[in-house]
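The values are calculated or read from the model by the stated rules, or taken from the named source; none is laboratory data. Remember, it's a predicted structure, so these values are computed and weren't measured experimentally. Note that each Cβ is placed from the backbone with ideal geometry, even for glycine, and that neighbours are counted across all protein chains shown. These area figures cover heavy atoms from the full protein model, side chains too; ligands, DNA and RNA do not enter into them. Shrake-Rupley method; radii C 1.70, N 1.55, O 1.52, S 1.80 Å.
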Amino acid sequence: MDFRIFKPQGVLKDHVQGIWSLSVSPHRVADEKKLLFSDAGSGIMFNLGGEVCFGNHRQPEGVMIMPNSKEAQYVTLPPGAVLAGIRFHPGMGYSVLGKRFDHPVSIADEPEHLCFLAPLQEQLGHCRRHQARIATMYRWLIHHLNSDDAAHQTITRIVKAVQPYSWPQALPVGTRQIERHFQKWMGMTPKYYQRILRVKQSLELIQRSPDIPLADLAAEQGFADQAHMTREFSHIAKITPKQYSRLVKQKQGR
């Protein structure tokens, strides 16, 4: 699998986690299966070749709106698959698309609401290289995103405030309003969002230091104990800390 990602700076930084492009060699003899970890974000995916499978959902060629990620899921990619996409920060998919999607939705499902994505899909279909696809999506975002929009700024301010170890201190609005905003924008509570972030940060620490004692990691990341961390990993990441540490070491040839 050949995967490229561009992480924008400047005006797109607070809205977009990454702009990406992916291809699988047509010469592979079997599907490629990858575990995608939860990040609470949402996105737009352009399937430019081959039917892919996200969890139990099969996605033919076309545009798919990916809902806010609450748990890890497997993606199955056939030989010759070509994908591209935009990954939004938590809450920003609602700002750009005008509503929250709780399950994968294609243009065919909501043609009136999502028809503005059809021209971008057509442009990407003419691109033959990763860099061309990423540049095309970047230009589209610059044209369609208004970084001075009040809704964008409100989402950024509130979601950033609800971080592990910071909530409920120094919130820009009341707790009940925060709860309503999170349900409206992301379909989850602020507490569940914090759980996702804690697991995500722990995965990143294991990736960097796979030999870290798991009891120390649990204490550092604010879990009640190692057993609590393992339960959270199993629910949100679909893998235990020990299994992930072993996987990282295998990839490093250790």
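Quick look at the values:
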| quantity | calculated |
| --- | --- |
| Helices (runs of 4 or more DSSP H) fully within the range 82-147 counting 1 or more residues that are under 26 Å from R58 (Cβ atoms), among the acidic types (D, E) and out of contact with any Cys (no Cβ under 6 Å at 6 or more places or on another chain) | 111-114, 118-125 |
| Restricting the range 222-238 to residues that are in contact (Cβ under 8 Å) with a residue 40 or more places away in the chain and in contact with a helix residue (DSSP H, G or I) (Cβ under 6 Å, 6 or more places away or on another chain), the residue that is surrounded by the fewest Cβ atoms within 10 Å (Cβ to Cβ) | A237 |
| Residue match in the range 120-137 (condition: open to solvent by 30 Å² or more (accessible area, probe 1.4 Å), closer than 29 Å to P190 by Cα and at pLDDT 90 or above) | no |
| Within the range 239-254, considering residues that are open to solvent by less than 70 Å² (accessible area, probe 1.4 Å), touching a residue at least 12 places away in the same chain (Cβ under 8 Å) and assigned to a helix (DSSP H, G or I), the one nearest to Y74 (Cα to Cα) | Y244 |
| Positions within the range 5-23 being of a type in the set (A, V, I, L, M, F, W, C) and surrounded by fewer than 17 Cβ atoms within 10 Å (Cβ to Cβ), in sequence order | I5, V11 |
| The lone exception for A40 - which of (1) open to solvent by less than 20 Å² (accessible area, probe 1.4 Å); (2) within 27 Å of L197 (Cα to Cα); (3) hydrophobic (A, V, I, L, M, F, W, C); (4) in a strand (DSSP E or B) it fails | (4) |
